[in-house]
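Asker: Below is one structure. I have some questions about it.
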Amino acid sequence: MPCPCGTKLEYQDCCELYHKGEAKPETAEQLMRSRYSAFAKKNEQYILDTWHPSENNGEIDLKKDLTWWLGLVILNTSLGQAGDTTGEVEFVASYRLRKKEYKLHERSSFVKEDGQWFYVDGVLVK
Ligand SMILES: [Zn+2]
């Protein structure tokens, strides 16, 4: 099964390694991709674990979420490499909801603490 994040790798060779805790994303982009895949797979725990504690209340409920994620395109990255502690990733995520298709264009901020990248927040790009 191809990974939802669009790398063309098998899921088991890509984001599943992060979802299972067998590897840690080295870059902000890898974390971004793995969080997208977690949304596609409705992996609430991973989404919470990789969301900076200052920015979430420990709750997320995707059970009734009808969003069907169609694909992820990374447009730009700034910093976010293995040696950095901050980074930005600009992406477009496509999804379908109630038979309509949408695109989410966001610039997301990430920080790395104790070797772990976290999503902080994002701004929508018009
Ligand atoms: Zn992946």
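Asker: Could you list, in sequence order, all residues of segment 1-17 that are in contact (Cβ under 8 Å) with a residue 24 or more places away in the chain and either surrounded by 21 or more Cβ atoms within 10 Å (Cβ to Cβ) or not in a helix (DSSP H, G or I) (or both)?
Answerer: First, pick out the residues of segment 1-17 that are in contact (Cβ under 8 Å) with a residue 24 or more places away in the chain: 3-7, 11.
Of everything in segment 1-17, those that are in contact (Cβ under 8 Å) with a residue 24 or more places away in the chain and either surrounded by 21 or more Cβ atoms within 10 Å (Cβ to Cβ) or not in a helix (DSSP H, G or I) (or both) turn out to be 3, 4, 5, 6, 7.
Asker: Right, next: Residue check: is residue 104 farther than 18 Å from residue 54 by Cβ, without any contact (Cβ under 8 Å) to a residue 24 or more places away in the chain and in contact with a Phe, Trp or Tyr (Cβ under 8 Å, 6 or more places away or on another chain)?
Answerer: On the way: farther than 18 Å from residue 54 by Cβ: yes; without any contact (Cβ under 8 Å) to a residue 24 or more places away in the chain: yes; in contact with a Phe, Trp or Tyr (Cβ under 8 Å, 6 or more places away or on another chain): yes.
It is true that residue 104 is farther than 18 Å from residue 54 by Cβ, without any contact (Cβ under 8 Å) to a residue 24 or more places away in the chain and in contact with a Phe, Trp or Tyr (Cβ under 8 Å, 6 or more places away or on another chain).
Each row is one residue, and each column tells you yes or no for (1) modelled with pLDDT of 95 or more; (2) hydrophobic (A, V, I, L, M, F, W, C).
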position: 14; (1), (2): yes, yes
position: 38; (1), (2): yes, yes
position: 56; (1), (2): no, no
position: 70; (1), (2): yes, yes
position: 77; (1), (2): yes, no
position: 107; (1), (2): yes, no
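Asker: Just to be sure I understand, how many residues within segment 29-45 are in a helix (DSSP H, G or I) and either in contact with an Asp or Glu (Cβ under 7 Å, 6 or more places away or on another chain) or surrounded by fewer than 18 Cβ atoms within 10 Å (Cβ to Cβ) (or both)?
Answerer: So in segment 29-45, the residues in a helix (DSSP H, G or I) come out as 29-40, 44-45.
Among the residues that remain, those that are also either in contact with an Asp or Glu (Cβ under 7 Å, 6 or more places away or on another chain) or surrounded by fewer than 18 Cβ atoms within 10 Å (Cβ to Cβ) (or both) are: 44-45.
Within segment 29-45, residues that are in a helix (DSSP H, G or I) and either in contact with an Asp or Glu (Cβ under 7 Å, 6 or more places away or on another chain) or surrounded by fewer than 18 Cβ atoms within 10 Å (Cβ to Cβ) (or both) number 2.
Asker: For segment 1-54, enumerate the residues that are near the ligand (Cβ under 9 Å from one of its atoms) and basic (Lys, Arg).
Answerer: Once the filter is applied, which keeps residues that are near the ligand (Cβ under 9 Å from one of its atoms) and basic (Lys, Arg), segment 1-54 yields only 33.
The values are calculated or read from the model by the stated rules, or taken from the named source; none is laboratory data. Remember, it's a predicted structure, so these values are computed and weren't measured experimentally. Using ideal geometry, Cβ is built from the backbone for each residue, glycine included, and neighbour counts are taken over all protein chains shown.
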